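What follows is a single structure, written as structure tokens, with notes after it.
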Amino acid sequence: MRLSELLAPTLREVPAEAEVVSHILMLRAGMIRKVASGVYSYLPLGYRIIKKVIEIIREEMDKKGSQELMLPIIQPAELWLESGRWNVYGDELFRLKDRHDRDFALGPTHEEIITDLVRGEVRSYKQLPLLLYQIQNKYRDERRPRFGLMRGREFIMQDLYSFDKDEAGLEVTYRKMYEAYSRVFSRCGLKFRVVEADPGAIGGSSTHEFMVMADSGEAAIVFCETCEYAANVEKAEAMADEQGSAEEMLAVEELPTPGARTIEEVAAFLKVTPERVIKSLVYQTEEGIVLALVRGDREVNEVKLQNVLGSLQLFLADGKSVTGLTGAEPGFTGPVNLKGVQIIADREVVLMRNAVAGANKTDAHIINVNPGRDFTPDKVADIRLVKAGEPCIRCGGRLNEARGIEVGQIFKLGTKYSKVLGAKFLDENGKEQLMVMGCYGIGVSRTVAAAIEQNHDDDGIIWPMPIAPYHAVVIPVSAKDEEQVKIAEALYSALLEQGVEAVIDDRNERPGVKFKDADLIGYPLRIVIGARAVEEGVVEIRHRRNGNVQTAKVDSAAPLVKQIVEDAIAESLA
Ligand SMILES: [Zn+2]
């Protein structure tokens with residue numbers, strides 16, 4: 001490709017609309033342009049990267065025996081009413097009406113459409129397992145679309161759906177997809193982690209997220225420094241701390257604690273450490289109020305608490321509700337003698353001995369509270385947030401924290417959709433059974449944005465070789481020097497012949513502009529043809545990632561570049 005002909009309008013200024021690095025750099029490098037909030041056009045360089053990611057996905061999916069198809073973006077409301085999601089999906093579902101006033105939606109996901117297809121076409125266990133996927137635009141009417149391709153209203157996804165005859169079959173398929181997805185992100189040249197996650201509203205028994213590691217990532221991840229354990233912070237578990245559980249139980253005593261409301265204030269006032277205090281939080285759910293208890297030095301994990309309660313809504317109760325429950329001002333709530341509320345205690349709380357808790361009287365706390373003796377929780381569960389430094393739930397090793405960007409997720413759906421939509425088959429005994437499903441998705445446009453979040457510096461993008469829009473740019477320093485241009489043109493042709501994806505910067509621009517654009521766009525290799533090329537027959541090959549410069553004879557430059565490209569791609573396959 002000749003840069004004089006390429007539509008890649010680079011910008012020197014940081015666009016005002018962009019907040020995150022990937023968004024800023026894709027706009028500046030002339031890869032995307034905004035059409036409407038959360039809706040973008042992909043320019044040639046941007047679309048080339050998208051196509052590279054898609055090609056890697058396709059190869060890995062096909063290797064696992066899955067079949068590509070294409071389902072409609074426009075989906076009739078009837079199927080969403082049948083699955084029960086038309087009303088619960090909310091405002092994020094893009095809805096539209098046709099000229100006959102019939103309701104449709106722009107697909108955010110395709111469980112309904114694919115299950116409808118399969119229930120009509122698959123009858124026998126002999127046709128299972130079946131793995132079907134597509135790569136297309138998806139729609140979600142985000143309240144606040146932002147961060148460019150990271151959170152758009154129109155985005156490109158690969159979505160795969162699996163149909164098995166039983167749970168054991170799903171297990172095999174799920175493993176396969178776990179491997180295939182891991183291969184995809186390795187092959188894209190990205191550093192990533194697979195983490196256990198919370199299934200949330202989609203339901204199902206198990207789910208993993210694929211996280212591209214980046215300090216700017218929106219998701220917090222907890223991982224073990226010793227074993228393979230890694231989980232989204234919403235899901236992460238650590239071993240419970242059993243410290244203090246052997247103490248002899250003392251008699252309860254109420255003490256005045258004027259003005260001491262927070263854990264820190266109470267601990268300081270009573271001269272104990274925060275882990276001796278029971279943190280009592282009142283939550284409101286659609287089914288009433290609950291009291292959640294964690295140790296004073298811990299935080300409540302609201303996702304875990306919501307799962308334990310099975311509630312759709314959960315938020316901290318206001319001061320008035322707290323006083324209505326306890327008869328005291330907020331800050332003095334505790335589980336002892338508290339009536340009319342469900343009490344959920346974290347596993348660590350029931351191991352506490354001679355603890356401090358609110359007395360449900362303004363300006364008073366109780367000491368020597370012993371769970372089991374002085375109050376009985378309705379449920380004991382893991383409801384706390386795990387932090388770095390805690391012992392791993394699997395091996396006891398030290399847990400650490402990192403940030404990541406979710407680019408893929410795999411779900412065991414079980415029979416959730418096959419049941420409501422009636423996707424059945426006849427088994428070996430001629431008996432009707434429900435298909436057991438899984439669903440799997442990769443955010444293609446998001447992966448590209450995540451790759452930039454992970455790979456950039458002050459000058460621009462640093463593409464991993466496998467998804468770079470082009471492997472190398474050839475730059476004649478002076479467009480007016482006929483000898484330089486001749487050598488550059490010959491090298492450019494030689495690179496194309498070798499199968500290297502190369503561009504030549506044949507624009508009539510100053511060298512500084514060409515170098516700046518090359519760094520901004522992020523070609524992995526920059527080959528400079530300057531005075532030395534004319535005088536000594538030597539060209540410079542600069543590596544974008546580390547700034548290292550290699551020199552080569554003009555004649556041997558093309559095979560050398562080909563070797564560098566091949567080695568980098570081979571490394572991503574290893
Ligand atoms: Zn571990």
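The values are calculated or read from the model by the stated rules, or taken from the named source; none is laboratory data. On a predicted model such as this, the values are computed, not experimentally measured, just so you know. For neighbour counting, all protein chains shown are included, and Cβ atoms are generated from backbone atoms with ideal geometry for every residue, glycine included.
The residues of region 190-207 that are crowded, with 21+ Cβ neighbours inside 10 Å and either within 16 Å of the ligand (Cβ to nearest atom) or at pLDDT below 95 (or both), listed by number, are Val195, Ala197, Thr207.
Which residue is farthest from Val303 (Cα to Cα), if the candidates are limited to region 208-244 and must be among the hydroxyl-bearing types (Ser, Thr, Tyr) and surrounded by fewer than 19 Cβ atoms within 10 Å (Cβ to Cβ)?
Across region 208-244, the extreme among qualifying residues is Thr226.
In region 320-350, how many residues are hydrophobic (A, V, I, L, M, F, W, C), within 30 Å of Met239 (Cβ to Cβ) and touching a Pro at 6+ places or on another chain (Cβ under 8 Å)? Quick ask: steps written out before the conclusion?
So in region 320-350, the residues hydrophobic (A, V, I, L, M, F, W, C) come out as 322, 325, 328, 332, 336, 338, 341, 343-345, 349-350.
Going one step further and asking which of them are within 30 Å of Met239 (Cβ to Cβ), we end up with 336, 338, 341, 343-345, 349-350.
Then keep just the ones that are touching a Pro at 6+ places or on another chain (Cβ under 8 Å); that gives 343-345, 349-350.
Total satisfying the criteria: 5.
Checked against (1) more than 22 Å from Tyr42 (Cβ to Cβ); (2) touching a Lys or Arg at 6+ places or on another chain (Cβ under 8 Å), Trp463 passes all but condition (1).
For Arg144, the requirement of being within 18 Å of Tyr47 (Cα to Cα), within 19 Å of the chain's Cα centre (by Cα) and surrounded by fewer than 21 Cβ atoms within 10 Å (Cβ to Cβ) is not met.
Looking at the structure I just gave you, is Leu106 surrounded by fewer than 20 Cβ atoms within 10 Å (Cβ to Cβ), more than 28 Å from Lys63 (Cβ to Cβ) and of a type outside the set (D, E, K, R)? So Leu106 passes the test.
Just name the residue that is modelled with the highest pLDDT out of those in region 498-536 that are among the basic types (Lys, Arg) and surrounded by fewer than 18 Cβ atoms within 10 Å (Cβ to Cβ).
Quick first cut of region 498-536, residues among the basic types (Lys, Arg) only: 507, 510, 514, 516, 526, 532.
Adding the requirement that they be surrounded by fewer than 18 Cβ atoms within 10 Å (Cβ to Cβ) leaves 507, 510, 516, 532.
Details: Arg507: 94, Arg510: 94, Lys516: 97, Arg532: 94.
That would be Lys516.
Picking from Ile521, Ile569, Ile475, Ile467, which residue would you name as being among the β-branched types (Val, Ile, Thr) and touching a strand residue (DSSP E or B) at 6+ places or on another chain (Cβ under 6 Å)?
Details: Ile521 fails: touching a strand residue (DSSP E or B) at 6+ places or on another chain (Cβ under 6 Å); Ile569 fails: touching a strand residue (DSSP E or B) at 6+ places or on another chain (Cβ under 6 Å); Ile467 fails: touching a strand residue (DSSP E or B) at 6+ places or on another chain (Cβ under 6 Å).
On inspection, the qualifying residue turns out to be Ile475.
Examine region 112-119 for a residue that is acidic (Asp, Glu) and assigned by TED's automatic domain parsing to the domain that holds Lys424, and state whether such a residue exists. Yes, region 112-119 contains a residue that is acidic (Asp, Glu) and assigned by TED's automatic domain parsing to the domain that holds Lys424. With respect to being outside the structural domain of Arg353 (by TED's automatic domain parsing) and away from the ligand (no atom under 16 Å from the Cβ), Ala220 fits the description.
This table checks each residue for (1) closer than 14 Å to Lys235 by Cβ; (2) out of contact with any helix residue (DSSP H, G or I) (no Cβ under 7 Å at 6 or more places or on another chain); (3) of a type in the set (Val, Ile, Thr); (4) within 16 Å of the ligand (Cβ to nearest atom).
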position	(1), (2), (3), (4)
Thr362	no, yes, yes, no
Asn370	no, yes, no, no
Thr376	no, yes, yes, no
Ile393	yes, yes, yes, yes
Arg398	no, yes, no, yes
Ile405	no, no, yes, no
Gly408	no, no, no, no
Phe411	yes, no, no, no
Thr415	no, yes, yes, no
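Checking each residue in region 496-550 for being assigned to a helix (DSSP H, G or I), aliphatic (A, V, I, L, M), over 25 Å from Ser22 (Cα atoms) and touching a Ser or Thr at 6+ places or on another chain (Cβ under 8 Å) picks out no residue at all. Checked against (1) closer than 27 Å to Ile393 by Cβ; (2) in contact (Cβ under 8 Å) with a residue 40 or more places away in the chain; (3) in contact with a strand residue (DSSP E or B) (Cβ under 8 Å, 6 or more places away or on another chain); (4) not in a loop (DSSP other than H, G, I, E, B), Asp241 passes all but a single condition, namely (4). Within region 223-248, being of a type outside the set (Asp, Glu), out of contact with any Asp or Glu (no Cβ under 9 Å at 6 or more places or on another chain) and away from the ligand (no atom under 16 Å from the Cβ) holds for Ser245, Ala246. Residues that are in a loop (DSSP other than H, G, I, E, B) and either among the acidic types (Asp, Glu) or more than 16 Å from the ligand (Cβ to nearest atom) (or both): does region 174-182 have at least one? Among the residues of region 174-182, not one is in a loop (DSSP other than H, G, I, E, B) and either among the acidic types (Asp, Glu) or more than 16 Å from the ligand (Cβ to nearest atom) (or both), which makes the answer no. Among the strands (runs of 3 or more DSSP E) confined to region 255-341, the ones with at least 2 residues that are surrounded by fewer than 17 Cβ atoms within 10 Å (Cβ to Cβ) and not basic (Lys, Arg) are located at 288-295, 314-316.
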